[in-house]
Each structure stands twice: as structure tokens, then as C-alpha cells.
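Just so it is clear, none of the values below were taken in a lab; they were calculated from the coordinates. Remember, predicted model here, so these are calculated numbers, not experimental data. Here the Cβ positions follow ideal geometry from the backbone for every residue, glycine too, while neighbour counts run over all protein chains shown.
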Amino acid sequence: KQEVTQIPAALSVPEGENLVLNCSFTDSAIYNLQWFRQDPGKGLTSLLLIQSSQREQTSGRLNASLDKSSGRSTLYIAASQPGDSATYLCAALGNNDMRFGAGTRLTVKP
Amino acid sequence: GAVVSQHPSWVICKSGTSVKIECRSLDFQATTMFWYRQFPKQSLMLMATSNEGSKATYEQGVEKDKFLINHASLTLSTLTVTSAHPEDSSFYICSARVSGQGANEQFFGPGTRLTVL
């Protein structure tokens, strides 16, 4: 069964810093790897989806990379802002289902 | 992208009652739908996978007689929490999968917050 791990569990940074969130997965047989944002009490907002054949995806200040062979993905956030404060979840889509990591709770201080 | 809706968005019920949550794929047909549960400050845990017209497959530790799943059409799946208790209070999120023709992706509903008094 696919297991997804995210580190760190929580991260607090001052505004303007660049930061990296890490995600690892145990089964490399995935269709894609997806990063989501979740605000307190809310549903999921999809940020970036990387197909298994791709190495990275970019959207604005966000860049996600995927290394299937090592079972790792990273989400890079440039020039962080207080509005980026949320929980970030990564999820691996396999043949049967999608499995989530426990998330990284990010706080960006003004 | 494809849109998945859930209804209701929140529900409060008394202990012992049953609650039904609907999940609809609005602009596509989904042969497979998934139900997740999320407790406060925890991640999404897969409860069950349902395929249209067949019985749902439940994850280990999820009681199939308590969480009834029906996937009667390609656009609708329902989750019924039977005889709900306070420990069933949680955020329930459904997802629908699009697969085939080189594309595989899951789209998520906005979630239903269940509070059992």
C-alpha cells in the first residue's frame, strides 16, 4: 500500500522567505503527484499536478518537482506571503486510489 | 477542470440518527468515486472506493455496515452514516476519478462537515 510522508509537519517563516516542502512516497508506480492547499475548515485547492512523465510544474511563485525513481517531490514557494499560510498536502495517484501525506502546516509571519 | 459537488456542505444531527451525503460529478462521468474522512488537524484518510454498479471496497478499519455507500449512476455516489455517534463527527470529502485516454486524475468535492451531538 502506498505510503506518503511529508516533512516538516509544521513550518513558520518570516514573510519574504523562500521555502521548500518535502514529500516522499513508497511506491513509484504512480500516475501523478499532486499538491494541494487546505485552509482551516475548508476543502482542498489543487495547486500543481505533475504527471509521472514530467519532472516539474510551475505556477506563479510555486514550483513542484518530481523524482519518481527516488520517490520524492518538493514544493518550492518563492517570496512567501502571509496569505500563503495554510496546510499543504501532497498526494500520489496510483492505479487504485490517491493517498495523502499528513501535510505541512505553514505559517508566514508578517 | 472537472467539477465535483457535495451536498450538504454541513450537517448537524442527533446521536443515533442517519445522515446521507451526496457526491455528484457535474460535467463528467466517473466510473470510480472515493470517500475520504478528515479529523481535525489530520490528513485525509481513504474510507472506501466505489465503482458504479458494484459494491464498494472499504479500507481496513472502516465499518461497511455503518458507512453505506451507493454508486448507482456514473455521476452520483452517496455515503450514509448510519446510527451516527459523536465520534463520527468529521469532515467527509468525496472524489471522482477520470481515467483513460492517457489521463488519470481525481477531482475533489468541497467536503461535508458532520457534527453529531
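In a shell of Cβ-Cβ distance under 9 Å around B:MET47, excluding B:MET47 itself, what net charge do Lys and Arg (+1) and Asp and Glu (-1) give? Intermediate results must be reported in sequence, preceding the final value.
On the way: positive: B:ARG37; negative: B:GLU59.
Charge balance near B:MET47 sits at 0.
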inquiry  = At q = 0.22 Å⁻¹, what log₁₀ I(q)/I(0) does the range A:56-110 have when each alpha carbon counts as one equal point scatterer in the Debye sum?
reply    = -0.98
ask   = What is the sum of charges around B:THR17, taking Lys and Arg as +1, Asp and Glu as -1, for the other residues whose C-beta is under 15 Å from the C-beta of B:THR17?
value = +1
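Kirkwood hydrodynamic radius, computed over distinct alpha-carbon pairs, for the range A:1-76: how many Å, to one decimal? If you can, show how the numbers build up before the last one.
Details: mean 1/r = 0.0751 Å⁻¹.
Result for the range A:1-76, one decimal place: 13.3 Å.
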task = Report, largest value first, the span of the C-alpha coordinates of chain B along each principal axis, in whole Å.
result = 45, 25, 22
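Using square roots of five times the C-alpha gyration tensor eigenvalues, list the equivalent-ellipsoid semi-axes of the protein assembly as shown in whole Å, biggest first. Provide the component values of the computation, followed by the final result.
On the way: eigenvalues 178, 91, 44 Å².
Equivalent ellipsoid semi-axes, largest first: 30, 21, 15 Å.
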task = Could you work out the local net charge near B:ARG97, counting Lys and Arg as +1, Asp and Glu as -1, over the other residues with Cβ closer than 12 Å to its Cβ?
result = -3
ask   = Among the aspartates and glutamates, which have Cα under 17 Å from the Cα of A:LYS109 when same-chain residues fewer than 8 positions away are ignored?
value = A:GLU15, A:GLU17, A:ASP39, A:ASP84
ask   = Which Cys residues of the protein assembly as shown have no other Cys beta carbon under 4.7 Å away?
value = B:CYS13
query = If you build a Gaussian network model of chain A, linking Cα atoms that sit under 10 Å apart, which residue out of A:ALA64, A:ALA91, A:ALA78 swings the most?
reply = A:ALA78
ask   = Cross-link partners among lysines for B:LYS66, C-alpha distance below 18 Å, same-chain residues fewer than 8 apart left out?
value = B:LYS14, B:LYS20, B:LYS55
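Roughly what % of DSSP beta bridges within chain B run antiparallel, to the nearest 5?
Values: 39 of 43 bridges.
Roughly 90 percent of the DSSP beta bridges within chain B come out antiparallel.
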message = Quick check: Cα centre of the range A:53-110 to Cα centre of the range A:10-28, how many Å?
response = 7
